[in-house]
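*Asks:* Quick one: the structure is below, and I'll ask about it shortly.
The values are calculated or read from the model by the stated rules, or taken from the named source; none is laboratory data. Here the structure is a predicted model, which is why all the values come from computation and not from measurement. Heads up, the Cβs are rebuilt from the backbone with ideal geometry, glycines too, and the neighbour counts pull from every protein chain shown. Only protein heavy atoms, including side chains, enter the accessible area calculation; ligands, DNA and RNA are left aside. Shrake-Rupley method; radii C 1.70, N 1.55, O 1.52, S 1.80 Å.
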Amino acid sequence: MIIRTEQDVTQAVLDELDRATDPRFKEIMQTAVRHLHAFIREARLTEAEFQQACAVIARVGQATTASHNEVVLAAGSLGVSSLVCLLNNGGQAVTEMPEDRPPTGVHGAPQAPGGTTANLLGPFWRMGSPPTDSGASIVRSPTPGDPIFVEAWVKDPAGRPVAGAEVDVWHSSNEGFYENQDPAQADMNLRGKFVTDADGRIAFRSVKPAGYPIPVSGPVGELLRAQGRHNMRPAHIHFLIFKEGYKTQFSQIYSSDDPNLDTDVQFGVTQALVGHYEPHPAGTAPAADVTGPWYSLTQTFVIEPGVAKLPRPPISAKADGPRPTLTVLART
Ligand SMILES: [Fe+2]
């Protein structure tokens with residue numbers, strides 16, 4: 001098509017996309033083109049702003065390495081990851097905890113019903129977490145922090161336990177670093193893979209994670225500074241649940257005592273994912289080597305029948321440079 005007006009451009013691109021043979025590709029790309037062109041018209045994007053946008057997108061890719069994924073950070077910081085998650089996991093209910101377990105103590109409080117337990121994968125999942133026996137520790141090198149004892153149950157939508165599900169867990173240290181970012185931590189520290197027992201249960205020991213700032217040395221940092229946003233994620237533990245016959249679920253369970261639950265830089269916190277990280281006094285831990293204060297967390301996940309498929313790992317290696325400097329932006 002010879003372009004006569006600015007309106008012709010949109011139709012010309014849509015017409016070319018009509019040639020695509022994959023119907024889903026065609027649908028996605030035509031929708032994207034319609035909205036992208038509408039965005040440019042509504043914002044009245046100038047040539048200078050367009051050049052700036054191209055440069056930012058290029059730098060998002062250039063900032064992505066085997067141990068850092070700026071694209072995932074950008075998607076999260078714009079709410080895109082959370083929107084995709086919620087659109088694809090709507091209507092899933094969290095079941096109550098079994099009645100035969102005590103409501104407090106190491107077995108924890110019942111879960112609030114309602115809302116999916118699915119959440120963002122995040123940029124820090126690594127393939128190949130070490131298989132770990134239920135009840136064992138995922139602290140693989142000296143790591144400061146209060147001990148935490150975690151129990152988790154995996155259920156189907158009818159509340160029946162799902163046995164034999166593989167559950168990857170991973171989280172940051174209480175200094176705010178994932179092991180892949182931190183040469184002071186052993187490879188795969190604070191990561192492990194568990195398999196649910198006949199009750200759909202796993203358990204593990206670790207240290208209570210801290211909230212952490214997402215990296216702001218790249219374009220995502222510029223995005224946040226321009227909005228006067230902080231870059232903190234509330235403390236959380238990640239879970240990835242894989243079982244043939246069920247849709248693979250990513251989840252994060254956020255710490256109810258974190259001050260940034262309302263302003264998560266990745267927009268990931270839903271009420272169903274606020275876990276009760278219960279504090280306990282010294283001298284009451286279920287392990288003799290824990291003499292000080294400690295925490296417990298219990299959580300039930302509900303997975304849906306569907307296709308089991310592991311995601312593409314956002315990173316594939318541990319960084320070999322020095323520990324990065326953590327930069328915390330103020331919310332202004
Ligand atoms: Fe995380």
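*Asks:* Can you bin region 6-45 into rounded, prolate or oblate? Criterion: square roots of the alpha carbon gyration tensor eigenvalues sorted a ≥ b ≥ c, rounded for a/c under 1.5, prolate for a/b above b/c, oblate for the rest. Walk me through the intermediate numbers first.
*Replies:* Details: a/c = 4.95, a/b = 1.85, b/c = 2.68.
It is oblate, given that a/c is not under 1.5 and a/b is not larger than b/c.
*Asks:* F39 to R331: FRET efficiency via 1/(1 + (r/R0)^6), r the Cβ-Cβ distance, R0 25 Å, to the nearest 0.05?
*Replies:* Values: r = 27 Å, r/R0 = 1.08.
E between F39 and R331, to the nearest 0.05, is 0.40.
*Asks:* Right, another one. Heavy atoms of the protein only, probe of 1.4 Å, neighbouring chains included. What is the accessible area of W153 in Å², nearest 10?
*Replies:* Its heavy atoms expose roughly 10 Å² to the probe.
*Asks:* In the chain, carbon and sulfur make up what percent of the accessible area (probe 1.4 Å)? Don't skip to the answer; put the middle values down first.
*Replies:* Values: 9470 of 16380 Å².
The value for the chain is 58 percent carbon and sulfur by accessible area.
*Asks:* How many nm is it between the label spots at T10 and A226, if each spot is 7 Å from the Cα in line with the beta carbon?
*Replies:* Calculated label separation equals 2.3 nm.
*Asks:* Given the rule -39500 (n - 2.57) for each run of at least 4 DSSP H residues, summed and divided by the residues of the chain, what is its mean residue ellipticity at 222 nm, to the nearest 500 deg cm²/dmol?
*Replies:* Details: 6 runs with 75 residues, N = 332.
Dividing the helical sum by the residues of the chain leaves -7000 deg cm²/dmol.
*Asks:* Could you tell me whether region 230-295 comes out rounded, prolate or oblate from its Cα gyration tensor? Rule is a ≥ b ≥ c as square roots of the eigenvalues, rounded for a/c under 1.5, then prolate if a/b exceeds b/c, otherwise oblate.
*Replies:* Numbers: a/c = 3.01, a/b = 1.32, b/c = 2.29.
Taking the square roots of the gyration eigenvalues as a ≥ b ≥ c, region 230-295 is oblate.
*Asks:* Build a GNM of the chain with springs between Cα atoms under 10 Å: which of T64, T31, T46 gets the top mean-square fluctuation?
*Replies:* Largest GNM mean-square fluctuation: T31.
*Asks:* Stretched out fully, how many nm does the piece from A32 to Q52 gain, at 0.36 nm a residue minus the Cα gap?
*Replies:* Values: separation 20, 0.36 × 20 = 7.20 nm, distance 2.02 nm.
Working it through step by step, the gained length comes to 5.2 nm.
*Asks:* Here is a follow-up. From zero up to wherever the largest Cα-Cα distance of the chain sits, split into 10 Å bins and tell me the percent of pairs in each.
*Replies:* Taking all Cα pairs of the chain, the binned fractions are 5, 23, 31, 22, 12, 5, 1, 0 percent.
*Asks:* Here is a further query. Amide H neighbours of T300 under 5 Å, at least 5 residues apart or on other chains, H built in the peptide plane: list them.
*Replies:* Placed amide hydrogens put W153 under 5 Å from T300.
*Asks:* Going by amide H atoms built from the backbone, whose H comes under 5 Å of the H on N231, apart from near neighbours?
*Replies:* Distant-sequence amide H within range of N231: L329.
*Asks:* Using only protein heavy atoms and a 1.4 Å probe, report how much of T284 is accessible, in Å² to the nearest 10.
*Replies:* 70
*Asks:* Among bridges DSSP assigns within the chain, what percent are antiparallel (round to 5)?
*Replies:* About 70 percent, rounded to the nearest 5.
*Asks:* Something else: Listed here are the pairs K247/K318; K155/K318; K193/K318; K208/K247; which of them are more than 22 Å apart at the Cα? Show your work: numbers first, answer last.
*Replies:* Details: K247/K318 28 Å; K155/K318 33 Å; K193/K318 18 Å; K208/K247 28 Å.
As for pairs spanning more than 22 Å Cα to Cα, those are K247/K318; K155/K318; K208/K247.
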